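Heads up, the thing below is written out as structure tokens.
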Amino acid sequence: MNYENVLQKLGDLKIDSYNNDFLLTWEKSNDEIVATVTLAELFKKLHQNGISLKVFDTGLGISIFRDQSTRTRFSFAAAVNALGLSLSELDEEKSQVAHGETVRETANMISFLAEVIGIRDDMYLGEGDSYMRDVSAAVQQGYDEGVLHQRPAIINLQSDIDHPTQAMSDLAKLKHYFGSLENLRGKKIAMSWAYSPSYGKPLSVPQGVIGLMTRFGMDVCLAYPEGYELLPEVVQLAGDNAQKYGGSFTNVNSMEEAFRDADVVYPKSWAPFNVMQQRTVLLINGDKIGLKELEQACLANNAKFKHWECNAAMMKLTKTGNALYQHCLPADISGVSCERGEVSKDVFEKYRLHTYQQASYKPFVIAAMIFLARIPEPVNAVKRIIERSHKRV
Amino acid sequence: MNYENVLQKLGDLKIDSYNNDFLLTWEKSNDEIVATVTLAELFKKLHQNGISLKVFDTGLGISIFRDQSTRTRFSFAAAVNALGLSLSELDEEKSQVAHGETVRETANMISFLAEVIGIRDDMYLGEGDSYMRDVSAAVQQGYDEGVLHQRPAIINLQSDIDHPTQAMSDLAKLKHYFGSLENLRGKKIAMSWAYSPSYGKPLSVPQGVIGLMTRFGMDVCLAYPEGYELLPEVVQLAGDNAQKYGGSFTNVNSMEEAFRDADVVYPKSWAPFNVMQQRTVLLINGDKIGLKELEQACLANNAKFKHWECNAAMMKLTKTGNALYQHCLPADISGVSCERGEVSKDVFEKYRLHTYQQASYKPFVIAAMIFLARIPEPVNAVKRIIERSHKRV
Amino acid sequence: MNYENVLQKLGDLKIDSYNNDFLLTWEKSNDEIVATVTLAELFKKLHQNGISLKVFDTGLGISIFRDQSTRTRFSFAAAVNALGLSLSELDEEKSQVAHGETVRETANMISFLAEVIGIRDDMYLGEGDSYMRDVSAAVQQGYDEGVLHQRPAIINLQSDIDHPTQAMSDLAKLKHYFGSLENLRGKKIAMSWAYSPSYGKPLSVPQGVIGLMTRFGMDVCLAYPEGYELLPEVVQLAGDNAQKYGGSFTNVNSMEEAFRDADVVYPKSWAPFNVMQQRTVLLINGDKIGLKELEQACLANNAKFKHWECNAAMMKLTKTGNALYQHCLPADISGVSCERGEVSKDVFEKYRLHTYQQASYKPFVIAAMIFLARIPEPVNAVKRIIERSHKRV
């Protein structure tokens, strides 16, 4: 990697991320998406070369996890640390921090010395994104009123709508695999539902993928069994993107059809949109019996689609039988983590390293998001990081 | 803010805080109180100007929360981080860390590289302050015996007796609002009980306020319904202060009377002193039925005083109808966080920004407390911070 | 302490710890053991003199505690902080992180920016050490495959087999007490079982002590009531060590016999080896009734040996009645933490300071382990730390 070229490329982009959040990739301009991926790659390379990325002397990075997480949690911790911030997790009791007035208050009370707030809230359809916007409005108001000396950036660590730190890592991996973002043009990616012996998995990963990859001229094929629809507005957006950016977006009900001639496959389980809606109501009402019944109905329905498994036979259908397999991890691997799952053991093992590499971009993607949102002249600041080349150890 | 003037002012004070704890404001000399507030204001201004406050290269700041906390937890985390320390929370199981021998041992075992231990222990009357003194004696002994290379300062993050980080933030806000500490002389502050649909709120906030504000020549009026007494020794101390420092301290049983002609009102719920005593016994005995009965009796009693609400009519009684409303937050706001509470929605909203500002001093008050307790020549150290003016980002 | 001499001594040792783990002391060469102890002492002295040990600019130190811990947890936090890393604890749900494939994946996913992973896993006989090796193999593979830019060191914070951070702290204390490692030659240490009104305490401490002290020419006498055997392979190893390094290793069934003429006594409760095996099966099966029955049988058996208490009469048997009492803490002190326990109150109090000093080495032992495992040319790096003598405050 030639640092000069990267700096040049970054300098040519129109970046308007300062004091802004990163909630949905489709709220970001193409230049900002490219800047984020480019900066993430650069940070990764600098880290590999032992160069410190530290730009903050002190300051807090706050995380709010309203759902379990291991890899995103550690990716956020790593990103925050790499930039010089200290992590503080808000261990939020659902009862304590309610919506409305209290979000405004809590958001300000924790933010006096905060530079970034990372939030995962993906379980309640119609809630996660809305909660992030409440927090964002609250710290914006606090900043405008002078209560906060700086305006912490809100980073979406997975909402009900999008999972941008994942989708951007996926994009970085694809860029690296195919050589450039330009090379993604005309490549077919199969974003396919796959069978899993669990239910209630969020929609944010497939939505994030179709919302982002359609911006790079890819032929995005979304596949799922009838009834496993995604949020209509995101599907609409993917179609619009395809038209605007010169790729294609198709929607099929067959894994085979999606895999046929694909360059990339992304087989992953999710819950039907309408099930997530029912589930949200039941969760809010604390209706345990209803939840149990819903789960059983869903698992029974899932079981009709056990053949939606990414295995050797399925992979044979892809371009030269050799498409890149991608997954956000952890995958449900048949015979390993479950009896029958999203992917067969041999396929997963063949591509394991690729999935690890895919995941390895996430800390640097998050660091890039924080950097662009918090550093007023980011390209100059990156230049200084390279110039000083301060050794990390 | 003229840094030179502030340094001059600090230099004129007799500060003897090094290697000492901050447990009760009334154990600190007037000069130390003034130094703490002045330093907190300076730190706040420096932070606002993007100047780093880092004075520690490494070292731990330990927190022990024996009761829930969001804002004090984050204020402590922020203060510790701003000075360059790393936070370690002691997640104490009640069974593991008992009193007596074990406090001495645990306190030393966690403190080998610690600079400060912040403790919240406010639920058990007669316990919190005593526990903090046990920890203090333990680390003092460890330091004297050479087991500890440094003597971590104990900071009271709310005890059964005082809440000094809150009361000092309140003082900083009042100083800013009225222009100087001198201007507080002759101002009337109403520290009033207010209705809340909960019970068992600690006494430390009202006790902290009457114990501190009577030292600045204020006319402190404590108001509560009959039966909601505070700790007799703190009430005694407030009276003594008033006499010594030339203000006044009165004790009434009417919110109206307290509010009349007040410059500042601080309406806040608390549990009666004797209820807290009974509760402590029941909690120690694990008597759940007894606790439930006590709660019901208390709530029934509370309900007699629903008219102790800070609303527009009540505010009209204050000086020019325009007193400053203060609260340690979160407030029980009628129609927002509860049906009927401590303050009406319109009054709270009118003063919301003031309460946020009041809270915004806390991280810097805590940083000032740590700084004065851990830096041998604090004024010179502050001078160097200003001279180097190291940018935080 | 003459820094020059220490550097000279370190320079003479063959140190091959870079990119290696610290799992069992007996996997480390004598030179590496000596280097670790020497470096720990040096770090302790530097810290006492206010000199910063910071060698990392950024980077994560990860801890995985599969059993409760206070002092090792804080020692690890302190060590990580002293070197400039940030702590991230993996709060592992047993169900989430299983063995096999998933360990490999999780280990890599959390390690992208990690320098060290400290693990406590001591409850399941045959599991802890094996788990650490799974994690080690996983990050080694990730490093070899280029997924990880650096190879995090695995540090054993107590396994089913060894407790090296404890045993090394014990060794550092003995070195200091007797003046040198050479002076340990011919000194008798009684590693004795002692009565405790609890059951299921791990074997790692006594195993760690007999496995390490037999390497320094000590006369190690292991004592326990019949039936309280340790792992046979560790006992075998202790015997082999004694033969190889010219000390002795004896195994008796009487505390009196062990204490007779001892220079050091280390009375400590543990569970019989075969009980730990049964317990592991019951724990894995979630057999609560079986566990309760086993506990009662064990406690009944323990109760036969209440006279295995380290008290004044027992201490009289030691060399000049004045042996050094050691314990990893917390001890079960008769009349303090329990009715009848491992040690009488007067004996414990007489030696309390010594046990605190013993514990005080642990943060620096862990820092030395991390340093040697992560810094390519450690002696030069130490030299630079001394030369720069950067003040910590």
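Overview of values
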{"read-out": "Failed criterion for A:Ile189 (all others in (1) modelled with pLDDT of 95 or more; (2) buried (at least 24 other Cβ atoms within 10 Å of the Cβ); (3) over 17 Å from A:Leu324 (Cα atoms) hold)", "value": "(3)"}
{"read-out": "Conditions (1) within 13 Å of chain C (Cβ to nearest Cβ); (2) farther than 30 Å from B:Lys45 by Cα; (3) among the hydrophobic types (A, V, I, L, M, F, W, C); number of the one not met by A:Val34", "value": "(1)"}
{"read-out": "Verdict on B:Ala367 being surrounded by fewer than 24 Cβ atoms within 10 Å (Cβ to Cβ) and touching a residue at least 24 places away in the same chain (Cβ under 8 Å)", "value": "no"}
{"read-out": "Conditions (1) in contact with a Lys or Arg (Cβ under 8 Å, 6 or more places away or on another chain); (2) crowded, with 19+ Cβ neighbours inside 10 Å; (3) of a type in the set (A, V, I, L, M); number of the one not met by B:Leu148", "value": "(1)"}
{"read-out": "Tally of residues being touching a Pro at 6+ places or on another chain (Cβ under 8 Å), more than 14 Å from A:Tyr266 (Cβ to Cβ) and among the small types (Gly, Ala, Ser) across the stretch A:189-242", "value": "1"}
{"read-out": "Residue identified as in a loop (DSSP other than H, G, I, E, B) and modelled with pLDDT of 95 or more among B:Tyr195, B:Tyr177", "value": "B:Tyr195"}
{"read-out": "Check on C:Pro232, crowded, with 16+ Cβ neighbours inside 10 Å and either assigned by TED's automatic domain parsing to the domain that holds C:Tyr195 or closer than 22 Å to C:Ser334 by Cα (or both)", "value": "no"}
{"read-out": "Cβ pairs under 8 Å, 6+ apart, first in the stretch B:101-113 and facing chain C (nearest Cβ under 7 Å) and in contact (Cβ under 8 Å) with a residue 24 or more places away in the chain, second crowded, with 24+ Cβ neighbours inside 10 Å and assigned to a loop (DSSP other than H, G, I, E, B)", "value": "B:Leu113/B:Gly59"}
{"read-out": "Flag for B:Ser75 being touching a Ser or Thr at 6+ places or on another chain (Cβ under 9 Å) and assigned to a helix (DSSP H, G or I)", "value": "yes"}
{"read-out": "Among (1) in contact (Cβ under 8 Å) with a residue 60 or more places away in the chain; (2) at the interface with another protein chain (Cβ under 9 Å from one of its Cβ atoms); (3) within 27 Å of C:Arg279 (Cβ to Cβ), the one test that C:Asp129 misses", "value": "(2)"}
{"read-out": "Among residues of the stretch B:96-114, those that are modelled with pLDDT of 90 or more and in a loop (DSSP other than H, G, I, E, B), counted", "value": "4"}
{"read-out": "Qualifying residue in the stretch C:10-27 (condition: surrounded by fewer than 24 Cβ atoms within 10 Å (Cβ to Cβ), in contact with a strand residue (DSSP E or B) (Cβ under 9 Å, 6 or more places away or on another chain) and part of a helix (DSSP H, G or I))", "value": "no"}
{"read-out": "Failed item, numbered, when C:Val209 is tested on (1) surrounded by fewer than 23 Cβ atoms within 10 Å (Cβ to Cβ); (2) under 30 Å from C:Leu294 (Cα atoms)", "value": "(1)"}
{"read-out": "Answer residue from the stretch C:139-160, given it is in contact with an Asp or Glu (Cβ under 8 Å, 6 or more places away or on another chain) and assigned to a loop (DSSP other than H, G, I, E, B) and is farthest from C:Ile117 (Cα to Cα) among those", "value": "C:Asp160"}
{"read-out": "Complete set of residues in the stretch B:328-353 that are facing chain A (nearest Cβ under 10 Å) and in a helix (DSSP H, G or I)", "value": "B:Lys345, B:Phe348, B:Glu349, B:Arg352, B:Leu353"}
{"read-out": "Check on A:Lys54, over 27 Å from B:Asp67 (Cα atoms), in contact with an Asp or Glu (Cβ under 8 Å, 6 or more places away or on another chain), of a type outside the set (S, T, N, Q) and within 14 Å of chain C (Cβ to nearest Cβ)", "value": "yes"}
{"read-out": "Unmet criterion (only one of (1) within 16 Å of B:Ser111 (Cβ to Cβ); (2) of a type in the set (A, V, I, L, M, F, W, C); (3) crowded, with 24+ Cβ neighbours inside 10 Å; (4) more than 19 Å from the chain's Cα centre (by Cα)) for C:Leu353", "value": "(3)"}
{"read-out": "Criterion: touching a residue at least 24 places away in the same chain (Cβ under 8 Å), away from chain C (no Cβ under 14 Å), farther than 30 Å from A:Leu237 by Cα and in contact with a strand residue (DSSP E or B) (Cβ under 9 Å, 6 or more places away or on another chain) - qualifying residue of A:Leu83, A:Leu90", "value": "A:Leu90"}
{"read-out": "Filter pass, C:Ala271 being in the same structural domain as C:Leu222 (by TED's automatic domain parsing) and touching a Cys at 6+ places or on another chain (Cβ under 9 Å)", "value": "yes"}
{"read-out": "Matching residues, the stretch A:28-62, being small (Gly, Ala, Ser), touching a Ser or Thr at 6+ places or on another chain (Cβ under 8 Å) and surrounded by fewer than 23 Cβ atoms within 10 Å (Cβ to Cβ)", "value": "A:Ser52"}
{"read-out": "Selected residue (only one of B:Ser136, B:Ser88 is out of contact with any Lys or Arg (no Cβ under 8 Å at 6 or more places or on another chain), in the same structural domain as B:Tyr18 (by TED's automatic domain parsing), buried (at least 20 other Cβ atoms within 10 Å of the Cβ) and part of a strand (DSSP E or B))", "value": "B:Ser88"}
{"read-out": "Which listed residue, of B:Leu83, B:Leu113, is closer than 22 Å to B:Glu32 by Cα, buried (at least 18 other Cβ atoms within 10 Å of the Cβ) and assigned by TED's automatic domain parsing to the domain that holds B:Arg66", "value": "B:Leu83"}
{"read-out": "Criterion (surrounded by fewer than 24 Cβ atoms within 10 Å (Cβ to Cβ) and closer than 22 Å to A:Ser360 by Cα) met by exactly one of A:Ser180, A:Ser159, A:Ser130, A:Ser169", "value": "A:Ser180"}
{"read-out": "Residue identified as in the same structural domain as A:Pro152 (by TED's automatic domain parsing), more than 18 Å from A:Ser169 (Cβ to Cβ), basic (Lys, Arg) and in contact with a Gly (Cβ under 8 Å, 6 or more places away or on another chain) among A:Lys14, A:Lys54", "value": "A:Lys54"}
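To keep it simple, each residue is scored yes or no on (1) outside the structural domain of A:Glu127 (by TED's automatic domain parsing); (2) more than 19 Å from A:Glu127 (Cβ to Cβ); (3) in contact with an Asp or Glu (Cβ under 7 Å, 6 or more places away or on another chain); (4) among the small types (Gly, Ala, Ser).
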residue	(1), (2), (3), (4)
A:Gly246	yes, yes, no, yes
A:Val252	yes, yes, no, no
A:Ala262	yes, yes, no, yes
A:Gln277	yes, no, no, no
A:Leu282	yes, no, no, no
A:Asn302	yes, yes, no, no
A:His307	yes, yes, no, no
A:Ala313	yes, yes, no, yes
A:Lys316	yes, yes, no, no
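The values are calculated or read from the model by the stated rules, or taken from the named source; none is laboratory data. All values derive from a computational prediction rather than experimental measurement. Cβ atoms come from the backbone with ideal geometry, glycine included; neighbour counts cover every protein chain shown.
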